[in-house]
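Engineer: Can you keep this structure in mind? I'll have questions shortly.
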Amino acid sequence: MLVAALTACAGEGSSGSDADGGRGGRQTVGSPEGHEDQPVMLTSSQVQAVLPGSSSLPGEWGGVGGGGEDVLYGAEAAKDCGFDTGTSCAGLTARGMRVVEQQTAEELVANAPEQTVFIKVYAFDSVENAAVASKAMVAREREDNDDAQPLKIAAGAEETEAFSMKLSDRYSTSVTMRTGAVVISLKGSDLKNADDMQALAKLQVDRIAKTAAGKNPDA
């Protein structure tokens, strides 16, 4: 799982603001193209579809399931969301999770750690409820990880906060994004390159946008 020191980061292309103490700021951008009048929303049944399978992952990343139930509903979803945010996660309809890993043959022989990213998708019933959860999630990360560094992520989300910390020759990272009424969390450990999170973040935002528009995210 993620090591204890992640980082506060500017939103997509933004820099820290005075109100944020210079520790990185949240950038709010317009709704994704095609959703200016209607926010991106997922039904609980669509959450499974947005989780990436091995064939859709970039590079040498491979999917290894959700480490249990891929999608949680009701009280179970709220409990998991509450652990990540410290809130009641009002309006949450479902939580999806996919774990992805990457390890070269050389690393396997050398018994080097696998690069691992936990992807979580939280579907809410409104933009307001999603925004509350997203901000609380970022605040919780900042409380525990004061020494991390900003990580630039530009994935097309409306709000993005990203954090990264180098530990020896590997990186620990955290990315929190909101697009419409959907919150996305990516937490990586033992990454050789923190910038690898960019491709995974963009993939997840794109899959959500396609699914919310009634399209096949794998097409």
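Engineer: Looking at residue 138, is it open to solvent by less than 10 Å² (accessible area, probe 1.4 Å) and more than 28 Å from residue 54 (Cβ to Cβ)?
Structural biologist: yes
Engineer: Now a separate question. What are the residues in region 191-204 that are in a helix (DSSP H, G or I) and either touching a helix residue (DSSP H, G or I) at 6+ places or on another chain (Cβ under 6 Å) or open to solvent by 10 Å² or more (accessible area, probe 1.4 Å) (or both), if any?
Structural biologist: Matches in region 191-204: 196, 198, 199, 202, 203.
Engineer: Hey, any hits in region 52-68 for a residue that's modelled with pLDDT of 70 or more, touching a Gly at 6+ places or on another chain (Cβ under 6 Å) and loosely packed, with under 15 Cβ neighbours inside 10 Å?
Structural biologist: Yes, the conditions are met somewhere in region 52-68.
Engineer: Scan region 121-135 residue by residue and report those that are surrounded by 16 or more Cβ atoms within 10 Å (Cβ to Cβ) and in a helix (DSSP H, G or I).
Structural biologist: Selection gives 127, 129, 130, 131, 132, 133, 134, 135.
Engineer: I need the full set of residues from region 205-217 which are open to solvent by less than 60 Å² (accessible area, probe 1.4 Å), among the small types (Gly, Ala, Ser) and assigned to a loop (DSSP other than H, G, I, E, B), in order please.
Structural biologist: If the condition is that a residue be open to solvent by less than 60 Å² (accessible area, probe 1.4 Å), among the small types (Gly, Ala, Ser) and assigned to a loop (DSSP other than H, G, I, E, B), then 213 is the only one that fits.
Engineer: State which residue is modelled with the highest pLDDT when the search covers only region 30-51 and only residues that are of a type in the set (S, T, N, Q) and either touching a helix residue (DSSP H, G or I) at 6+ places or on another chain (Cβ under 7 Å) or under 22 Å from residue 154 (Cβ atoms) (or both).
Structural biologist: 46
Engineer: Okay, moving on. Just for region 163-210: of the residues that are modelled with pLDDT of 95 or more and of a type in the set (Gly, Ala, Ser), which one is farthest from residue 141 (Cα to Cα)?
Structural biologist: 209
Engineer: For region 158-185, what are the residues that are part of a strand (DSSP E or B) and surrounded by fewer than 22 Cβ atoms within 10 Å (Cβ to Cβ)?
Structural biologist: Across region 158-185, the qualifying residues are 159, 165, 166, 167, 170.
The values are calculated or read from the model by the stated rules, or taken from the named source; none is laboratory data. What you see is a predicted model; the values in this text were computed from it and never measured. Please note: Cβ atoms are built from the backbone with ideal geometry, for glycine as well, and neighbour counts cover all protein chains shown. The protein model used for the area step is the full one, side chains on, heavy atoms only, and it has no ligands, DNA or RNA in it. Shrake-Rupley method; radii C 1.70, N 1.55, O 1.52, S 1.80 Å.
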